[in-house]
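Inspection log for the structure reproduced underneath, given as structure tokens.
Throughout, read-outs are computed from the coordinates displayed, never taken from laboratory work. Please read all numbers here as calculations on a predicted model, not as lab measurements. Please note: Cβ atoms are built from the backbone with ideal geometry, for glycine as well, and neighbour counts cover all protein chains shown.
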Amino acid sequence: MRKLPRVLVVEDESAIAELIAVNLRHNGFAPILAFEAEAARREVEAELPDVILLDWMLPGESGVSLARYWRQHERTRQVPILMLTARSDESDKVQGLDAGADDYITKPFSTKELLARIRAVLRRRTPDALDDLVQVGELALDTATYRVSFKKQELKVGPTEFKLLHYLMKNAERVHSRGTLLDRVWGDHVYIEERTVDVHIKRLREALGEAGSMIETVRGAGYRLSVVGLRAGTVASADSSAT
């Protein structure tokens with residue numbers, strides 16, 4: 001199954017937080033609730049969310065202060081932040097956006113607008129997490145139907161290999177180190193050995209069959225997905241069969 005986008009809801013009014021959480025669950029998101037700033041910090045330190053809904057007024061520390069803090073650190077700099085607050089003056093909006101918020105939603109708000117804004121920032125910041133069809137040569141991957149095919153023949157690919165292939169196809173012809181693949185596919189909150197990447201690359205190649213030769217090993221650098229690899233593999237097979 002595809003991992004649902006994680007939305008950290010930082011809101012001290014429990015009734016509002018629960019209402020937002022219910023609507024998020026019903027629309028394909030995984031909400032995490034934090035009712036004060038310190039709890040929000042702990043949640044982000046434990047695992048990066050895909051987007052943060054951040055109330056302005058919080059016990060102990062303001063949402064603006066939290067936004068500034070997350071924007072100052074490399075690990076959290078790219079996480080989309082939507083300020084959610086009753087403060088509607090233009091000066092307040094400017095202050096929130098200057099602190100690093102990607103969007104600013106004033107209370108009261110409509111659920112449909114909130115969901116639309118969340119999807120919008122996810123499209124801007126994390127397009128790989130959204131439904132799309134990716135194709136490299138005759139290899140195709142559809143995140144909406146969770147299918148992989150080569151020459152229009154469906155292939156059976158495991159969940160981790162699916163994510164790995166998706167990233168490689170979205171960034172075809174580029175060389176990716178094992179460390180980069182760990183961060184991009186497994187997430188920077190997961191601490192596993194780099195050789196784990198080699199194991200999953202091997203499994204992916206086996207699952208892809210003929211198309212497996214598209215995944216090239218670049219000695220001393222990492223891996224690359226390329227249609228050139230497929231042509232090279234085809235030539236090598238033809239040469240071996242001729243001898």
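Full extension of the chain between THR160 and GLU173 yields a length gain of 2.6 nm, computed as 0.36 nm times the residue separation minus the alpha carbon distance. Rounded to the nearest 0.05, what FRET efficiency is calculated for PHE109 and LEU4 with R0 set to 22 Å and r the Cβ-Cβ distance? So the FRET efficiency works out to roughly 0.50.
Between the alpha-carbon centres of region 1-54 and region 208-226 there is a gap of 37 Å. For LEU4, no residue whose modelled amide H falls within less than 5 Å of its own remains once neighbours fewer than 5 places apart on the same chain are excluded. Cross-link partners among aspartates and glutamates for LYS152, C-alpha distance below 16 Å, same-chain residues fewer than 8 apart left out? Reachable aspartates and glutamates: GLU138, ASP142, GLU210.
One decimal place: the segment VAL227-ALA144 gains 27.5 nm when fully extended, by the rule 0.36 nm per residue minus the C-alpha distance.
When the Cα atoms of the chain are aligned to their principal axes, the ranges along those axes come out at 77, 34, 27 Å in descending order. Simple spin-label estimate for GLU210 and GLN78 gives 3.5 nm between the two label positions (7 Å along the Cα-to-Cβ direction from each Cα). Placing a label point 7 Å from the Cα of THR180 along the Cα-to-Cβ direction, the residues of region 207-223 whose backbone N falls under 15 Å of that point are 216-223. Between ALA46 and LYS151, full extension at 0.36 nm per residue minus the direct alpha carbon distance yields a gain of 33.6 nm. Here each label is just a point 7 Å from Cα along the line to Cβ, and for GLU194 and LEU133 those points are 3.8 nm apart.
For region 75-87, the Karplus equation 6.51 cos²θ - 1.76 cosθ + 1.60, evaluated at θ = phi - 60°, returns couplings of 5, 10, 4, 9, 6, x, 10, 10, 6, 10, 7, 7, 7 Hz by residue, with Gly and Pro reported as x.
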